[in-house]
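A short worksheet on the structure shown next.
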Amino acid sequence: MKYFDQEFLHFFQELGQNNHREWFNDNKKRYTQFVKEPFEAFVESMLDLSQELFPGMENIRPKDCIFRIYRDVRFSKDKSPYKTHMSAVISSGGRKDMTSPGMYVQLSAEDSRLYSGLYKLDKHQLLHIREAISQQMDTFASLISDAHFKETFGQIQGEKNKRLQEPFKELSERQPLLFNKSFYYFKTFPADSILKEDFAQQLIQTYEACRPISEFFHEAIQA
């Protein structure tokens, strides 16, 4: 099913050049018709397609997953009031759960992106991840060096600690990712990929390349 047309891309192209309330209010009907409503339908389809990937999503609805287009500018030098993309978290916790390795989808006029992994871990969750990596070094190394994963997502990224306590410090010589405070990976698609009828299915198929490492993280964080 096709959810988007060129108007979705045109809206964000123009918003990027007119990021102020007057323009947005003048184009609110365009936003609702060509961006907001199609994106809600798209996310609903993604939820349906992901039921087997992420158990516990029976009661999750698009409104639980979709981020607002309005930016939080309180602590930002950039006071532009609107994001120039639409985004949602497809997981059993929706957008309020930033630590489950589900799917984060971001669509803009520049590109579309599929992220997965772990973000904003608290200290206890991070400890669980580091312990899992330390106790299963060979398994973890095999997962991140898998040809399908590397070809699709490249490598794990994320903010790093400058220092590590033992035993992780010594083990980090063998596995430098122990320094990470977050663990995420993403794939970028051309902007016009969203115009294809099978775009939602394409994202699900793409996720399969990182499913093993995501499940490793999920099991570790639940320990």
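The values are calculated or read from the model by the stated rules, or taken from the named source; none is laboratory data. Source: prediction; values computed, not measured. Cβ sites come from the backbone with ideal geometry, for glycine too, and all protein chains shown count toward neighbours. Heads up: the accessible areas ignore ligands, DNA and RNA and are worked out on the full protein's heavy atoms, side chains in. Shrake-Rupley method; radii C 1.70, N 1.55, O 1.52, S 1.80 Å.
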Debye log10 I(q)/I(0) at q = 0.08, 0.10, 0.16 Å⁻¹ for the chain, Cα point scatterers: -0.33, -0.51, -1.12
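Would you work out the charge dipole size for the range 1-100 about its Cα centre, treating the Cβ of every Lys and Arg as +1 and the Cβ of every Asp and Glu as -1, and quote it to the nearest 20 debye?
Values: 16 positive and 15 negative charges, 117 e Å.
Once rounded to the nearest 20, the dipole reads 560 debye.
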Using the alpha-carbon atoms, what tilt in degrees (0 to 90, nearest 10) does helix 6-17 show relative to the longest principal axis of the chain? 80
For Tyr82, list long-range residues whose amide hydrogen, built 1.01 Å from N in the peptide plane, is under 5 Å from its own amide hydrogen. Arg71
Residue-wise, which Karplus ³J(HN,Hα) couplings in Hz belong to the range 147-161, taking 6.51 cos²θ - 1.76 cosθ + 1.60, θ = phi - 60°, and x for glycine or proline? 4, 5, 5, 5, 5, 8, 10, x, 9, 6, 10, x, 4, 10, 6
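What is the extension gain from Lys123 to Thr206, computed as 0.36 nm multiplied by their sequence separation minus the C-alpha to C-alpha distance, in nm to one decimal? Don't skip to the answer; put the middle values down first.
On the way: separation 83, 0.36 × 83 = 29.88 nm, distance 3.02 nm.
So the chain would gain 26.9 nm between Lys123 and Thr206.
Which of rounded, prolate or oblate describes the range 96-141 when judged by the alpha-carbon gyration tensor and an a/c cut-off of 1.5?
oblate
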Place a +1 charge on the Cβ of each Lys and Arg in the chain and a -1 charge on the Cβ of each Asp and Glu, then give the dipole magnitude about the Cα centre in debye, rounded to the nearest 20. 1080
In whole Hz, what ³J(HN,Hα) sequence does the range 202-212 give by Karplus (6.51, -1.76, 1.60; θ = phi - 60°), x for Gly and Pro? 4, 5, 4, 5, 5, 4, 4, 5, 10, 4, x
Within the chain, which is the longest segment that contains none of the GluC sites (Glu not before Pro) sitting in a DSSP loop with at most 14 other Cβ atoms within 10 Å? 59-158
Which residues does a label at Met98 reach in the range 39-76, if reach means a backbone N under 17 Å from a point 7 Å past the Cα toward the Cβ? 65-76
Loop trypsin sites (Lys or Arg not before Pro), the range 69-122 (other Cβ atoms within 10 Å of the site Cβ: 15 or fewer; DSSP): Arg71, Arg74, Lys77, Lys79, Lys120
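So if each residue of separation counts as 0.36 nm, and I subtract the Cα-Cα distance between Glu7 and Glu131, what length gain in nm does that give?
39.9 nm
Using +1 on the beta carbon of Lys and Arg, -1 on that of Asp and Glu, and nothing else charged, what's the dipole of the range 18-61 about the Cα centre, debye to 20? Show your work: numbers first, answer last.
Details: 6 positive and 8 negative charges, 73 e Å.
Dipole of the range 18-61, to the nearest 20 debye: 360 debye.
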Can you list the HN-Hα couplings for the range 51-62, worked out from phi with the Karplus curve (6.51, -1.76, 1.60; θ = phi - 60°), rounded to whole Hz and with x for Gly and Pro? 4, 7, 6, 10, x, x, 9, 4, 9, 7, 10, x
Taking loop as defined by DSSP and a crowding limit of 12 other beta carbons within 10 Å, which chymotrypsin sites (Phe, Trp or Tyr not before Pro) in the range 50-102 fit? Phe75
Span from the the range 110-171 Cα centroid across to the the range 2-76 one, whole angstrom: 29
Taking H as built 1.01 Å from N, whose amide H comes closer than 5 Å to the amide H of Lys160, not counting residues under 5 places away? Lys181
So what is the accessible area of the chain per residue, in Å², with the probe set to 1.4 Å? 56
Dividing the alpha-carbon Rg of the range 51-120 by 2.2 N^0.38 Å yields what? 1.20
Need one number: nm distance between label points at Ala141 and Gln165, each 7 Å from Cα along Cα→Cβ, rounded to one decimal. 2.6
Give the long-range amide H neighbours of Leu118: residues separated by 5 or more places, or on another chain, with amide H under 5 Å away, using H modelled in the peptide plane at 1.01 Å from N. Phe183, Tyr184
Apportionment of accessible area to carbon and sulfur, the chain, percent (1.4 Å): 46
Just going by the charge dipole of the chain, with Lys and Arg at +1 and Asp and Glu at -1 on Cβ, which of Ser45, Ala209, His85 is farthest out on the positive end? His85
